Protein chains: 2
Amino acid sequence: MSSIENGWFREMNDQWPGYSVGLKIEKILFEGKSPYQDILVFQSSTFGNVLVLDGCIQCTERDECCYQEMIAHLPINCHPDPKQVLVVGGGDGGVVREVLRHPGVDKVTLCEIDEKVIEVCKMYLPNMAVSMSDPRCHVHVGDGVQFMKEHKNCFDIIITDAPDPIGENLWLDLPIVEQLLYGCRSLFPSTGYAFAGMPTYASGQIGFVMASTNPDVTFNEPLRVLSDEEIAEMGLKFYNSDLHRAAFVLPQFAKKVLYPAVNGDGGKKTAVHDADT
Amino acid sequence: MSSIENGWFREMNDQWPGYSVGLKIEKILFEGKSPYQDILVFQSSTFGNVLVLDGCIQCTERDECCYQEMIAHLPINCHPDPKQVLVVGGGDGGVVREVLRHPGVDKVTLCEIDEKVIEVCKMYLPNMAVSMSDPRCHVHVGDGVQFMKEHKNCFDIIITDAPDPIGENLWLDLPIVEQLLYGCRSLFPSTGYAFAGMPTYASGQIGFVMASTNPDVTFNEPLRVLSDEEIAEMGLKFYNSDLHRAAFVLPQFAKKVLYPAVNGDGGKKTAVHDADT
């Protein structure tokens with residue numbers, strides 16, 4: 001449904017009918033089809049290079065720090081000793097880059113089904129994809145669900161960075177977030193939902209559903225609180241520990257739906273799932 | 001620069017070049033020109049009725065609760081006894097509606113320069129404009145700056161809800177927010193900056209610059225903490241006291257610029273200005 005007209009990319013999708021984010025195109029860098037999806041990369045006039053899969057904006061160089069940092073550092077900073085991390089999807093490499101900022105992490109496995117995405121991102125989004133050359137990163141091309149079945153209990157944290165769009169955010173997809181969170185609650189003793197502002201995502205927001213097998217995890221209170229100096233050393237642009245806590249505080253309309261009984265504090269309750277999985 | 005094409009309204013502006021929010025039009029309800037601006041109201045397919053001034057989306061029925069509640073309740077809940085409130089601009093009546101939810105408020109004065117906006121909103125945005133019929137609301141048609149000059153020290157709180165666009169938010173206008181906040185710091189002993197997610201505003205965000213002549217005001221900690229029951233009684237959809245605190249917690253890139261020395265806690269430090277004034 002998305003379109004390129006008069007030099008603009010217009011994102012349109014049945015998941016958020018009647019609403020569209022547009023970015024002005026400076027130059028189309030890549031347009032192709034893999035066995036899995038349509039892949040488009042363009043240089044935008046004000047948001048840097050942009051990756052689009054099946055018509056949905058995945059990341060732009062200008063605001064990717066929000067998405068990549070939050071989806072990585074929220075769970076990692078809630079884990080006492082994260083050594084082995086699996087990233088499912090995320091073939092741009094941005095999440096791997098963020099995970100590797102943690103000195104305690106020994107190994108990140110990236111399981112991406114679409115080799116073409118990896119190849120294109122290495123070419124056009126080098127600041128994200130560079131992480132895949134790190135010796136601590138192992139790239140596996142294959143199906144994430146299958147990989148997880150074959151590698152049970154191998155990872156301290158699983159981050160699902162699967163492609164849009166399925167139910168990301170509070171404004172447009174609250175019933176889907178509700179369903180996802182309730183599903184997680186039936187399977188995990190600890191769950192939580194956080195969100196952050198993301199200019200180039202529909203409704204300007206991205207959400208994160210988190211779940212842990214450890215009943216003592218409290219997602220809205222990081223175990224590892226970072227000083228400004230540590231954040232500067234790690235090279236973070238978006239995440240900080242106060243923002244970690246604040247990301248779980250919901251608008252009243254969402255709190256009523258997602259936390260009807262528990263007063264909506266973001267919740268006690270480290271597999272991590274991006275809300276759109 | 002904004003356009004109507006193929007049944008979509010596309011917001012475009014020099015303040016955020018290369019980026020555009022689009023809303024699908026169901027029906028144009030009003031299109032006209034006042035002595036001050038172009039006025040457009042349309043029924044959108046998924047965001048309710050939409051008010052557009054000089055090509056900039058001012059409010060939609062679907063997400064106006066965020067803007068109107070935050071710009072009103074952030075300052076009001078930081079004031080020990082707000083009785084007289086001035087709203088400059090805001091001819092849609094939404095901010096007045098929110099101010100009047102506080103039982104302690106005796107009178108709200110709405111100073112709107114453009115009578116046509118008031119008239120059009122009464123017709124097409126009745127859930128906002130209804131507030132102007134409240135006996136506690138006094139509507140003055142005239143220039144806000146002039147009115148404030150003639151009514152010094154008459155109000156406990158002044159809320160400037162002036163039209164877009166001038167420098168609202170962290171992603172697109174950080175240097176403008178910085179300049180505005182530093183200007184306020186040179187004039188007021190207490191200042192603060194808060195933000196909230198707003199799907200139909202450029203980059204999905206709206207910011208609020210706050211300033212008080214009272215050195216004891218701490219904007220990021222409300223004086224009046226509301227229970228869920230009180231919030232339900234007041235009819236709030238978006239605001240709650242935890243969200244009040246969280247709205248001052250900035251991403252690291254913004255904290256570094258706006259609070260370079262004070263560790264970015266949103267600040268000690270009740271005239272209130274929407275960031276776009």
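The values are calculated or read from the model by the stated rules, or taken from the named source; none is laboratory data. The shown structure was predicted, so the numbers you read here are calculated from the model rather than taken from an experiment. Backbone-built Cβ (ideal geometry, glycine too); neighbour counts: all protein chains shown.
Some notes on this structure:
- Annotation: of all residues in segment B:30-59 being more than 10 Å from every other protein chain (Cβ to nearest Cβ) and among the hydroxyl-bearing types (S, T, Y), the one that is nearest to B:N127 (Cα to Cα) is B:S34.
Here's the yes/no breakdown for (1) crowded, with 18+ Cβ neighbours inside 10 Å; (2) closer than 18 Å to A:Q205 by Cα:
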position	(1), (2)
A:P17	no, yes
A:L23	yes, yes
A:F42	yes, no
A:I57	yes, yes
A:P75	yes, no
A:P80	no, no
A:G89	yes, no
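- For segment A:11-29, the candidate set comprises residues that are assigned to a loop (DSSP other than H, G, I, E, B) and within 25 Å of B:D14 (Cα to Cα); within that set, the residue that is nearest to the other protein chains (Cβ to nearest Cβ) is A:G18.
- Inter-residue pairs, beta-carbon under 9 Å, first over 24 Å from B:M128 (Cα atoms) and in segment B:233-247, second in a helix (DSSP H, G or I) and of a type in the set (K, R), 6+ apart: B:D242/A:K255; B:A246/A:R245
- Selection status of B:N214, out of contact with any Pro (no Cβ under 6 Å at 6 or more places or on another chain), modelled with pLDDT of 95 or more and outside any helix (DSSP H, G or I): yes
- Meets criteria (at negative phi, surrounded by 14 or more Cβ atoms within 10 Å (Cβ to Cβ) and within 14 Å of chain B (Cβ to nearest Cβ)) for A:D161: no
- Within segment A:178-227, the residues that satisfy the criterion of being within 14 Å of another protein chain (Cβ to nearest Cβ) and of a type in the set (V, I, T) are A:T200, A:I206, A:V225.
- Subset of segment A:229-253 (residues that are surrounded by fewer than 23 Cβ atoms within 10 Å (Cβ to Cβ), more than 7 Å from chain B (Cβ to nearest Cβ) and either part of a helix (DSSP H, G or I) or touching a Gly at 6+ places or on another chain (Cβ under 6 Å) (or both)): A:E229, A:E230, A:A232, A:E233, A:M234, A:S241, A:R245
- Matching residues in segment B:53-87 - criterion: being of a type in the set (A, V, I, L, M) and closer than 30 Å to B:H151 by Cβ: B:L53, B:M70, B:I71, B:A72, B:L74, B:I76, B:V85, B:L86, B:V87
- Among the conditions (1) farther than 27 Å from A:K83 by Cβ; (2) within 16 Å of the chain's Cα centre (by Cα); (3) surrounded by fewer than 23 Cβ atoms within 10 Å (Cβ to Cβ), A:Q205 misses just one, which is (3).
- Inside segment B:132-174, residues that are hydroxyl-bearing (S, T, Y) and either within 16 Å of the chain's Cα centre (by Cα) or modelled with pLDDT under 95 (or both) make up a count of 1.
- Figure legend. Inter-residue proximity from segment A:171-197: first residues closer than 26 Å to B:C66 by Cα and outside the structural domain of A:Q15 (by TED's automatic domain parsing), second residues modelled with pLDDT of 95 or more and hydroxyl-bearing (S, T, Y), beta-carbon distance below 7 Å, spacing 6+ or different chains. Indicated pairs: A:V177/A:Y193; A:L181/A:T191; A:L181/A:Y193.
- Scoring A:V85 on the criteria (1) away from chain B (no Cβ under 14 Å); (2) closer than 27 Å to B:L250 by Cβ; (3) over 13 Å from the mean Cα position of the chain (by Cα); (4) crowded, with 24+ Cβ neighbours inside 10 Å leaves a single failure, condition (2).
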